[in-house]
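Below is one structure, written out as structure tokens, with a few remarks after it.
The values are calculated or read from the model by the stated rules, or taken from the named source; none is laboratory data. Since we're looking at a predicted model, the values are computed, not measured. Don't worry about glycine lacking a Cβ; one is built from the backbone with ideal geometry, like all the others, and counts go over all protein chains shown. Remember, those area values only see protein heavy atoms, side chains included, never the ligands or the DNA or RNA. Shrake-Rupley method; radii C 1.70, N 1.55, O 1.52, S 1.80 Å.
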Amino acid sequence: MTRIVVILCLFFILFFPYWFIQWTAFFILFIIVGSFAYSRLTYYAVSVARTQSIVRAYRRQVIEIALAVENNGFLPVHYCSVVDNPGGLWRMDESRFMFGLSGGQKRRLTYRLKGSMRGEYLIGPIIVASSDPLGIFPWVRRIEEQCTIIIYPSVFRVTREVRSGHPGGTIKVSDKTYEDVTRLKSIREYIPGDDVRHISWKISARLGGLYTREYLQALHSPVLLALNLSLEDYPVKHRYVYLEKAIEICASLVVFFSSLRQEVGLLSTGLVHDLHPVVRIRGGHSHATMLLEQLAVVKGCGEDADIIGLIRESPI
């Protein structure tokens, strides 16, 4: 339709020698060209970006998604529509926005999501739409920038019945064979029969006698979590409920032992990207986060996988 109007305007300007008709055609042509230039300038001036590339949360936890919108040009945008795709998550707020932007203005858009099921979700793409002030040349731009949402399994409080030993997994023993040379217990006078390698020569020279270092006698006891997710080992009735409960128990143990600064490892007959997850025993917050991410996306395995055989063959 716009092309036909432009052709008619040019026809009237060139072949109708009446000033009123020619000036009217000039005016209409000026409006069309100006609207087209306005639309193109705002198309390239409006930018939308995400403030997060990855978000981690637990089930039923409220997640806030933020978008940064900016008009990089000098022309005002009388209306701008931004629509974000929330993926498979439940929207607590509307993810469609309609607003105006003056030249150089920035704006932050937020809405809330909630995930009822564990897993990995992709939020996006973003659809941006606007036009010139007269609405002659509307435009739509698709921004493929996505945000990854990782929903962890539910975590329950774990109570520790055994109170002996250190919470970090070190168990006190009376056998000196298991002295941990990295954990000094005390300095005492030398007794015949003590290991001469434990004599502290600096302290002995300062005090004028033989003194030996005594170390903590302990056994290191790391944790390995073995999660059986072979579908054949679960009854058909309520199979999904039992699988999810097993994953939630495993996630609760990861959080519990990590809070005690315990080293934790994981292996499972389930599948993560078509592979059995095998995570070496390590400690630290980042390692616990990685374990929870594995548990967030692990699925049951339909094949007959042997959890005992997996433990024996694993490099852990």
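Amide H to amide H distances under 5 Å link residue 73 with 104, where only residues 5 or more positions off or on other chains count and H is placed in the peptide plane. Test of the criteria: in region 68-135, which GluC sites (Glu not before Pro) are in a DSSP loop and have at most 12 other Cβ atoms within 10 angstrom of their Cβ? Filter output for region 68-135: 94. Legend: P(r) of region 253-316 from all alpha carbon pair distances, 5 Å bins from 0, whole percents, reading 4, 18, 27, 22, 18, 8, 2, 0. Of 62, 272, the residue with the largest accessible area leads and the full order is 62, 272 (1.4 Å probe). For the chain, the solvent-accessible area with a 1.4 angstrom probe is 61 square angstrom per residue. With all protein chains in place and ligands, DNA and RNA left out, the 1.4 Å accessible area ranks 84, 195 as 195, 84, largest first.
Only helical DSSP H runs with n ≥ 4 go in: add -39500 (n - 2.57) per run for the chain, normalise by residue count and round the 222 nm mean residue ellipticity to 500 deg cm²/dmol.
Theoretical 222 nm ellipticity from helices: -9000 deg cm²/dmol.
I need to check one value: relative contact order of region 51-121, counting alpha carbon pairs closer than 8 Å and at least 6 residues apart, in percent.
Taking the mean separation of contacting Cα pairs over the length of region 51-121, I get 44 percent.
Note on region 62-168: Cα-Cα pairs beyond 16 Å make up 67% of the total pair count. Counting only protein heavy atoms and a probe of 1.4 Å, the accessible surface of the chain is 59% carbon and sulfur. Counting only protein heavy atoms and using a 1.4 Å probe, the accessible area of residue 306 comes to about 100 Å². If you wrap the tightest convex hull around every Cα atom of region 1-131 and split its volume per residue, you get 118 Å³. For the residues 114, 299, 245, a 1.4 Å probe over the protein chains yields an accessible-area ranking, largest first, of 299, 245, 114. Close amide H partners of residue 51, meaning residues 5 or more places away or on another chain with modelled amide H under 5 Å apart, are 66, 68.
Rg and Dmax over the alpha-carbon atoms of the chain stand at 34.0, 125 Å.
I'd like the orientation of helix 19-45 relative to the chain: the angle between its Cα long axis and the longest Cα principal axis, in ° from 0 to 90, rounded to 10. Once rounded, the angle reads 0 degrees.
All alpha carbon pair distances within region 197-285 were sorted into 10 Å bins beginning at 0; the resulting P(r) in whole percents reads 14, 29, 19, 13, 10, 8, 5, 1.
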